[in-house]
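The values are calculated or read from the model by the stated rules, or taken from the named source; none is laboratory data. Just so it is clear, the structure is predicted and the values come from calculations on it, not from any experiment. Ideal geometry is used to build each Cβ from the backbone, glycine not excepted, and the neighbour counts take in all protein chains shown.
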Amino acid sequence: TIEEHEDAPEDLKPRAPIVTVMGHVDHGKTSLLDYVREANVIAGESGGITQHIGAYGVTLEGGQKITFLDTPGHEAFTAMRARGAQVTDIAVIVVAADDDIMPQTKEAISHAQAAGVPIVFAINKIDRPTANPEKIKDGLAQMNLLVEDWGGKIQSHDISAKTGEGVKELLEKVLLEAELLELKANPDKLALGTVVEAFLDKGRGYVSTILIQAGTLKIGDYVLAGTHSGKVKAMHDERGKEVQEAGPATPISILGLDGAPQAGDKFNVMEDEREAKQIASKRSQLQREQSVRTQRH
Ligand code: GDP
């Protein structure tokens, strides 16, 4: 059985917020994620992020950390939610200041609201001569979304994902929002989390990126993820660096699973290897039966 007992309050330690970037196509989601990844805003981290593992962590000047899901757009968000995974703590919604509030902007807003995830607006492309951030804020106000400089409670910041202007301040606002959420997790137990992505690498076998939500994952742990299981042989962070263990809100790519789980699949460390295998094979059997049934109907 997969144990999920309540943590004692004293076992809960602060953890980094997990952020998803959403917004209308071409409004600058990828550019913002790239800018943050390439990190002029980040202090004291040499080497930079070299690996695309589906998520990455950044450290701000004050030492605070933010974990970004590195798949822009609401597809990832909804795919995960559809599988019952709620990993996002805060949604950054990018709106281009030289455009309007577009259908996918509205969609992103309603996804975040439906999930009860606070929104921080990034009003982007302010380096463009035709940018009109106030028009965007007016549009938001008309949707009953009042941003702070319009007297409301919703955080927003004017940025340029191209020049980097305002990005640091945007991240500070994300941290403010995170503080209100008082995010905590127990690092001292068997790890559990959610699969971000997985693929087969010719030389290395199945590589899965996992976002650890509680506990600490260690080399040699026996893992169950969706319909797959296996022993963790190696772990790498987004800098390609080998690590021995990883705690809450850390994205980590692992080697050792016997297949590729799907994004949004739950992941658990199991005490018993045999049990992990049994649950995994039972799940794949159920999945096969289900697909046979859907084919018949
Ligand atoms: P996405 O579809 O939301 O991921 O948008 P992209 O990040 O791919 O950006 C779409 C286009 O807008 C690209 O050509 C970017 O170079 C450009 N772009 C994104 N952010 C900015 C910005 O802050 N300023 C300017 N001038 N162009 C930007």
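Summary table
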{"item": "Leading residue by the ranking (nearest to Ile18 (Cα to Cα)) among those in the stretch 112-154 that are within 15 Å of the ligand (Cβ to nearest atom) and not hydrophobic (A, V, I, L, M, F, W, C)", "result": "Asn124"}
{"item": "Selected residue (only one of Ile49, Ile42 is touching a Phe, Trp or Tyr at 6+ places or on another chain (Cβ under 7 Å), surrounded by 15 or more Cβ atoms within 10 Å (Cβ to Cβ), modelled with pLDDT under 95 and among the hydrophobic types (A, V, I, L, M, F, W, C))", "result": "Ile49"}
{"item": "Residues being β-branched (Val, Ile, Thr) and over 17 Å from Thr67 (Cα atoms) - total across the stretch 173-201", "result": "0"}
{"item": "Single condition Gly23 does not satisfy, out of (1) at pLDDT 80 or above; (2) out of contact with any Pro (no Cβ under 9 Å at 6 or more places or on another chain)", "result": "(2)"}
{"item": "Cβ-Cβ under 7 Å pairs, at least 6 apart or on other chains, the stretch 230-241 side at positive phi, far side of a type outside the set (Asp, Glu) and at pLDDT below 90", "result": "Gly240/Thr50; Gly240/Gln51"}
{"item": "Residue check for Leu255: within 22 Å of the chain's Cα centre (by Cα) and either at pLDDT below 95 or assigned to a strand (DSSP E or B) (or both)", "result": "yes"}
{"item": "Residues that are more than 14 Å from the ligand (Cβ to nearest atom) and over 17 Å from Leu170 (Cβ atoms), drawn from the stretch 89-100", "result": "Asp100"}
{"item": "Single residue of the stretch 158-202 satisfying the filter (acidic (Asp, Glu) and more than 19 Å from the chain's Cα centre (by Cα)) that is farthest from Ile53 (Cα to Cα)", "result": "Asp158"}
{"item": "Residues located in the stretch 265-297, provided they are closer than 20 Å to Ile210 by Cα and in contact (Cβ under 8 Å) with a residue 60 or more places away in the chain", "result": "Asp265, Lys266, Phe267, Asn268, Val269, Met270, Glu271, Ile279"}
{"item": "Matching residues in the stretch 9-26 - criterion: being out of contact with any helix residue (DSSP H, G or I) (no Cβ under 9 Å at 6 or more places or on another chain) and within 16 Å of the ligand (Cβ to nearest atom)", "result": "Asp26"}
{"item": "Hits in the stretch 263-297 (condition: of a type in the set (A, V, I, L, M) and not in a strand (DSSP E or B))", "result": "Ala263, Ala276, Ile279, Ala280, Leu286, Val292"}
